1. Expressed as a whole percentage, what fraction of the accessible surface of the chain belongs to carbon and sulfur atoms when a 1.4 Å probe is rolled over the protein heavy atoms?
2. For the range 55-72, what does the Karplus curve 6.51 cos²θ - 1.76 cosθ + 1.60, with θ = phi - 60°, yield as ³J(HN,Hα) per residue in whole Hz, taken in order and with x for Gly and Pro?
3. Between Val30, Leu73, Gly42, whose Cα lies farthest towards the positive end of the dipole of the chain when Lys and Arg beta carbons carry +1 and Asp and Glu beta carbons carry -1, centred on the Cα centre?
4. Starting at 0 and stepping by 10 Å, how many percent of the alpha carbon pairs of the chain end up in each bin?
5. May I ask you to work out the translational diffusion coefficient for the range 1-42 at 20 °C, viscosity 1.002 mPa s, via Stokes-Einstein with Rh from the Kirkwood sum over Cα pairs, reported in whole µm²/s?
6. Roll a 1.4 Å probe over the protein chains and send me the accessible area per residue for the chain in Å².
7. With only Lys, Arg, Asp and Glu charged, each at its Cβ (+1 for the first two, -1 for the last two), find how big the charge dipole of the chain is about the Cα centre; round to the nearest 20 debye.
Amino acid sequence: MTVSVLLFASYADAFGARRLPLSLSAPCAVADVVHALRSLPGGDRLPAKPLVAVNHAFADYDLIVHPTDEVALIPPVAGG
């Protein structure tokens with residue numbers, strides 16, 4: 001199955017794209033998505049456990065991902 005991953009800010013810079021299609025075996029969990037991203041060029045710039053949202057809600061790493069789901073990596077945010 002193909003899962004589309006949205007990337008923002010420093011993560012988009014790391015991968016050189018704002019959206020990446022990932023081909024994964026079904027079923028797959030959020031952890032599998034992060035693992036696949038780490039194997040790509042730029043994946044070494046991800047933190048140990050990046051914050052992930054699935055369908056606009058923060059997701060645990062054991063959540064099963066479906067091809068129609070919107071997966072997004074949420075970069076660290078600084079403010080003041």
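1. Numbers: 2760 of 4760 Å².
Here carbon and sulfur together make up 58 percent of the probe-accessible area.
2. Each residue of the range 55-72 in turn: 6, 6, 10, 4, 10, 6, 6, 9, 5, 6, 9, 10, x, 8, 6, 9, 10, 9 Hz.
3. In the chain, that residue is Gly42.
4. Once binned at 10 Å, the Cα pair distances of the chain give 19, 58, 21, 2, 0.
5. Numbers: Rh = 10.5 Å.
Here the translational diffusion coefficient equals 203 µm²/s.
6. Per residue, the chain has an accessible area of 60 Å².
7. In debye, rounded to 20, the chain gives about 220.
The values are calculated or read from the model by the stated rules, or taken from the named source; none is laboratory data. What you see is a predicted model, and the numbers here were worked out from it, not measured in a lab. Heads up, the Cβs are rebuilt from the backbone with ideal geometry, glycines too, and the neighbour counts pull from every protein chain shown. Areas reflect the complete protein model, heavy atoms only, side chains present, ligands, DNA and RNA absent. Shrake-Rupley method; radii C 1.70, N 1.55, O 1.52, S 1.80 Å.
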